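One structure is given here, and the rest of the page talks about it.
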Amino acid sequence: METAHPDDKLFTEASRHSIAAGGKRFRALLVLLAAQFGDPKDPRVLQAAVAIELTHLATLFHDDVMDEAEVRRGHPSVNSRWSNSVAILTGDFLFAQASRILADLGPEAVRIQAETFNRLVAGQLAETIGPRAGQDPLDHYMHVITEKTGSLIATSGQFGALFSGAPAEVAARIAAACEQLGVAWQLSDDVIDIASDSAQSGKTPGTDLRQGVRTLPVLYALRSTATAGQPAAQAGQPDADQRLRWLLAEADLADEALLTEALALLRAHPALAEARAHVLSWAQGARNDFMALPDVPARAAFLALCDFVEKRTG
């Protein structure tokens, strides 16, 4: 926590504000797990975990500005408590702090960080501008998820293996597996947002729908309902398909009655099963790569994460 604090009082308060709000520290956990394939006591491992967590936190500052978010982890976001400018500059500061740590770890760490930044920014830009003319919205969405979410999670695993002295082939395998796990985790959230009630997930269902965000189940549903009424339509009820398409494409789902209707139709639509299958495919890809790793206790922990993603997806 001390690493995030500069001399300036406002930077200190703003960075401490979001760090103290908590979070899963999932990426730092992956660094530490991956380090079990080498020497987990190597001091570089902890430095890498801190750098990864600071980088992730910085991306959240910037995301909240772009999304105009008012809450982060149950607390007022930095941009809502102070201003967009303070949030952006604090995020930049945290990026700089992470870079300073990694510079001490050598040129390979800096190179990997730069490549990860490239992917993070590319994913954010793609999300901001939307699909290009003629681009499949589902392909576009998967590109955004892989670059914006999967890239940093992949680097988390790679750093843990790299700085513990694990063999290069092990580090590469862990990076590939962690990227797939990260994508599966994000897509699992998409399914949960539609399929689960508040008691199951602890979150308000339909949050993404309410905000107009087209996630995996919605994109599958729109793809299917585009052919509603034709023999190939999977839902089998053209009227329901047409109604769902109108709700997803045109309705104001800030209206609670319309949101409730859209959720009910989505839960009954084959698109939800397609989305679940897509999540399970990514989780299985991660599992296959983890299974190819040396049989140490950390491998079982990675496999348990795959199991958890599958279980939470339903």
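The values are calculated or read from the model by the stated rules, or taken from the named source; none is laboratory data. If you're wondering where the values come from, they're calculated on a predicted model, not measured in any experiment. Glycine also receives a Cβ, built like all others from the backbone with ideal geometry; neighbour counts cover every protein chain displayed. Accessible surface areas use protein heavy atoms only, side chains included; no ligands, DNA or RNA. Shrake-Rupley method; radii C 1.70, N 1.55, O 1.52, S 1.80 Å.
Results, tabulated for the structure shown:
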read-out	value
Residue in segment 172-184 that is open to solvent by 10 Å² or more (accessible area, probe 1.4 Å) and of a type in the set (V, I, T) present	no
Qualifying position, being assigned to a helix (DSSP H, G or I) and open to solvent by less than 40 Å² (accessible area, probe 1.4 Å), among L125, L162, L187	L187
Members of segment 260-285 found to be hydrophobic (A, V, I, L, M, F, W, C) and more than 21 Å from V309 (Cβ to Cβ), listed by number	A262, L263, A264, L265, A268
Residue within segment 75-92 that is open to solvent by 20 Å² or more (accessible area, probe 1.4 Å), in a helix (DSSP H, G or I) and at pLDDT 90 or above present	no
Complete set of residues in segment 278-291 that are open to solvent by 60 Å² or more (accessible area, probe 1.4 Å) and small (G, A, S)	S281
Failed criterion for R214 (all others in (1) of a type outside the set (D, E); (2) at pLDDT below 90; (3) part of a loop (DSSP other than H, G, I, E, B); (4) within 24 Å of the chain's Cα centre (by Cα) hold)	(2)
Residues that are within 28 Å of N288 (Cα to Cα), of a type in the set (S, T, N, Q) and open to solvent by 40 Å² or more (accessible area, probe 1.4 Å), drawn from segment 128-159	Q158
Yes/no for A257 being open to solvent by 40 Å² or more (accessible area, probe 1.4 Å) and of a type outside the set (V, I, T)	yes
Some residue of segment 240-250 being touching a Leu at 6+ places or on another chain (Cβ under 9 Å) and not in a helix (DSSP H, G or I)	no
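This table checks each residue for (1) open to solvent by less than 30 Å² (accessible area, probe 1.4 Å); (2) under 22 Å from the mean Cα position of the chain (by Cα); (3) modelled with pLDDT of 90 or more; (4) within 18 Å of Q113 (Cα to Cα).
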| site | (1), (2), (3), (4) |
| --- | --- |
| D8 | no, no, no, no |
| A28 | yes, yes, yes, yes |
| P43 | no, no, yes, no |
| A49 | yes, yes, yes, yes |
